[in-house]
Amino acid sequence: MTKPFYALDNFDAQSSIGCLLRRLINLSTPRAEACFADQDLSFSHWVLLVCVRDGIARTCADVSRHMNYDSGATTRLVDHLEKRGFLTRNRSTTDRRVVHLALTDEGRAVTAAMSPRLMDFWNTALDGFSTAESAMLIELLKRLLSRMEKIPVVAADAAA
């Protein structure tokens, strides 16, 4: 293991990765949602469609985990998108308990049509960053995400 970065003398809210990420989420989410204010497709709907499109989520359980939604909220989102004709549910042929999600042509079209709004939003947020800095930020976040996915969730009393 490499030398730990944080110590008591440098661990505060202004330099805590957790605090910074939480603040970024708290600032970016309402701004991203505002990109959809004039649509009857919400930001959450768009995120779900993108997750299915990009293979991040193949089932409702995957969506729940990725979006940190409970199964009821996920079911309501999927029901709405299925009713609108943006995605389908397809029962697995190898395991009847599994239901796969797939975008329809309409789902792919609406996802593509709404993507420029989010691209503009993030390009505005990244204004002042060079292309190399933007790419490095994304790579570092991917690396941190990959590392975080490997760390088991352990209760504080169990770790002691």
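Below, the figures for the structure above:
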read-out: Residue order, fewest to most beta carbons within 10 Å, for 136, 148; value: 148, 136
read-out: Compactness of the chain as Cα Rg over 2.2 N^0.38 Å, two decimals; value: 1.25
read-out: Protection proxy ranking, peptides 75-87, 9-21, 28-40, average beta carbon neighbours within 10 Å, highest first; value: 75-87, 28-40, 9-21
read-out: Inverse mean reciprocal Cα-Cα distance (Kirkwood Rh) of segment 1-79, Å; value: 15.1
read-out: Added length on full extension, which subtracts the Cα-Cα distance from 0.36 nm per residue, residue 147 to residue 37; value: 36.1 nm
read-out: Computed [θ] at 222 nm, helices only, for the chain once each DSSP H run of length n ≥ 4 contributes -39500 (n - 2.57); value: -19000 deg cm²/dmol
read-out: Likely footprinting exposure, 142, 150, fewest C-beta neighbours within 10 Å first; value: 150, 142
read-out: Acute angle (nearest 10 degrees) that the helix 17-34 long axis makes with the longest principal axis of the chain, alpha-carbon atoms; value: 30
read-out: Inverse mean reciprocal Cα-Cα distance (Kirkwood Rh) of segment 40-103, Å; value: 11.6
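Since every read-out is calculated from the coordinates, none of them should be taken as a lab result. Here the structure is a predicted model, which is why all the values come from computation and not from measurement. As a convention, Cβ positions derive from the backbone with ideal geometry for all residues, glycine included, and neighbour counts pool all protein chains shown.
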